[in-house]
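Just below is one structure, and these are the notes that go with it.
The values are calculated or read from the model by the stated rules, or taken from the named source; none is laboratory data. Since this is a predicted model, take the numbers as computed values, not measurements. All Cβ positions, glycine included, derive from the backbone under ideal geometry; neighbour counts span all protein chains shown. For accessibility, only protein heavy atoms count, side chains too; no ligands or nucleic acids. Shrake-Rupley method; radii C 1.70, N 1.55, O 1.52, S 1.80 Å.
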Amino acid sequence: MASIRNRPMAAAVAATLGLAVAVVAAQPAGADPTGVLRTLDWENPADRTLPATPPAGFYKQFVTDHGATMVTAPVRAGGHAVRFELNRTDPSPAAGSRRAEINQPDAQPANAERWYGFSINLDPTWAYDTSSEIVTQWHQCDSGCPGGSPPLALLTGKGRWQIDFQGEFIDLGPYRTGGWTDWVFHVRWRTDGAGLLEVWRDGVQVVSRTGPVHGGGPRSPYFKLGIYKWDWAFPDRASTVDRRVMFHDEVRVGDERATYADVAPGGPGGCAGAVPVAGVSASTHEAANPPAQAVDGSLGTRWSGHGFGAALTLDLGTARRLCGTTVAWHRGDVRWNDYTVYTSTDGVTYTKAWEGRSTGATTAPETERFTPRDARFVRVSWWNNAEGNGWGSITEAAVLGS
């Protein structure tokens with residue numbers, strides 16, 4: 001496989017906020033919904049065969065016992081996950097390069113429509129490095145297809161999530177370590193105008209593209225998960241780290257019959273998508289920036305409230321199972337914001353769900369998870385920012401739940 005390092009870096013593409021997703025009807029206990037072709041949540045003992053052999057329907061591309069192993073912590077759901085480890089000093093390269101991956105066979109039908117859901121946890125040791133690495137990819141077929149780099153890949157590079165889409169690098173903002181990030185990819189693997197790429201991170205849509213999605217061939221690209229760090233195959237290429245460790249869980253692959261909710265991490269009906277907002281209010285607001293502008297789907301508008309404790313409240317219309325929020329801050333790439341998230345069932349009594357500080361590194365939505373609970377109202381209370389100007393300004397806010 002040719003290196004992608006030599007591709008010219010395209011201008012970063014701004015993330016766009018997605019809409020709420022549907023929840024499908026309940027399925028019998030333990031059953032996958034119609035359209036889900038494969039589940040690797042690692043709860044089936046028959047799938048827990050690593051490192052000796054990969055699970056059925058997948059191939060092994062690692063050369064050490066630590067390349068891919070089963071663990072009981074951390075996990076996204078259930079009691080097991082897969083751990084990938086790649087070291088610069090690992091012996092002879094796998095498949096011609098430095099990688100620790102498992103992958104589907106090159107046997108995907110032409111013009112396939114696929115849904116892919118999975119969750120990634122970057123180990124706290126995942127330090128900043130100028131050398132990028134792929135953490136999930138879709139490789140073009142091995143024969144009768146254009147050579148070179150994969151048409152679609154999820155990477156980390158210079159402290160940020162990136163998608164490489166046919167040589168265009170789409171910036172998705174800073175990654176975090178020590179916690180789970182949920183991903184859903186929806187692809188129509190076509191080479192004409194009917195092609196489609198949609199991507200959600202933590203329940204929020206961040207990419208939507210139509211048109212050709214790969215370069216052609218008799219089969220559709222196949223799915224690979226794990227670590228691929230091509231620079232480590234060349235001793236003279238710069239890299240400031242020598243070890244990468246990450247975890248994958250809640251992997252699901254669906255066909256054209258599947259839906260977002262069928263493959264989203266957490267399982268059908270799980271706490272993974274954006275919940276519809278029935279109403280919004282605020283304790284204070286600037287006339288030009290009312291609370292409705294924090295839920296209008298545009299990062300170009302905002303709610304602005306003045307003073308310590310200025311609060312934006314989202315009413316979901318009915319109690320739902322909730323697990324987190326996504327908040328995008330005005331000038332969020334130049335200043336952090338301290339805030340607290342509260343939940344309530346009645347709009348009167350509120351309980352603290354999360355408290356902390358935004359990164360100060362992005363204007364894109366930032367996701368924070370909290371212990372799942374039932375609630376109808378979610379309040380975001382602002383306290384301070386790096387500029388100390390007394391204004392809390394949110395461009396978009398959403399709630400994650402079932």
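Add -39500 (n - 2.57) for each DSSP H run of 4 or more in the chain, then divide by its residues: what number comes out at 222 nm, to the nearest 500 deg cm²/dmol? Show your work: numbers first, answer last.
Values: 1 runs with 4 residues, N = 402.
Per the formula, 0 deg cm²/dmol.
Hey, can you grab everything whose amide H is under 5 Å from the amide H of V206? Only 5+ residues off in sequence or another chain; H modelled, so Pro and N-termini drop out.
Those lying under 5 Å, H to H, from V206 are V199, W200, R201.
Counting only heavy atoms of protein chains, what accessible area per residue, in Å², does the range 304-385 have with a probe of 1.4 Å?
With all protein chains present, the range 304-385 gives 40 Å² per residue.
Which whole-number value in Å² is the accessible area per residue of the range 124-220, probe 1.4 Å? It would help to have the intermediate numbers written out before the result.
Numbers: 2920 Å² over 97 residues.
Spelled out: the 1.4 Å probe surface of the range 124-220, per residue, equals 30 Å².
Using the per-residue mean of other Cβ atoms lying within 10 Å as a proxy for protection, in what order, highest first, do the peptides 61-67, 143-149 fall?
Working: 61-67: 18.1, 143-149: 13.6.
Sorting 61-67, 143-149 by mean packing, highest first, produces 61-67, 143-149.
Return the long-range amide H neighbours of G273 (sequence gap of 5 or more, or a different chain), with a cut-off of under 5 Å between placed amide H atoms.
Hits under the 5 Å cutoff: G401.
Relative contact order of the chain, please, whole-number percent, based on alpha carbon pairs below 8 angstrom and at least 6 residues apart. Spell out each step's value before the answer.
Values: 1126 pairs, mean separation 75.6, N = 402.
Contact order relative to length: 19 percent.
Report relative contact order for the range 194-329 in percent, whole number only (criteria: Cα-Cα under 8 Å, sequence separation at least 6).
Once divided by the residue count of the range 194-329, the mean separation gives 16 percent.
Sequence-distant or interchain residues sharing an amide H contact under 5 Å with N289, placed H: which?
Correct list: S304.
At 0.36 nm per residue, and after removing the present C-alpha to C-alpha distance, how many nm does the segment from R357 to D65 gain when stretched out fully? Write out the running numbers ahead of the final one.
Values: separation 292, 0.36 × 292 = 105.12 nm, distance 3.89 nm.
Between R357 and D65, full extension yields 101.2 nm more.
Would you kindly derive the ³J(HN,Hα) couplings of the range 374-388 from the backbone phi angles with the Karplus curve 6.51 cos²θ - 1.76 cosθ + 1.60 (θ = phi - 60°), listing them in order in whole Hz, with x for Gly and Pro?
The phi angles translate into 8, 7, 9, 10, 10, 10, 10, 9, 9, 10, 6, 9, 5, 8, x Hz.
Can you find, among P218, V280, M246, the residue sitting farthest towards the positive end of the charge dipole of the range 217-299, where Lys and Arg contribute +1 and Asp and Glu -1 at Cβ?
The residue sitting most towards the positive pole is P218.
On the accessible surface of the chain, probed at 1.4 Å, how many percent belong to carbon and sulfur atoms? Each step should come with its number before you reach the end.
Working: 7810 of 15350 Å².
Ligands and nucleic acids excluded, carbon and sulfur reach 51 percent.
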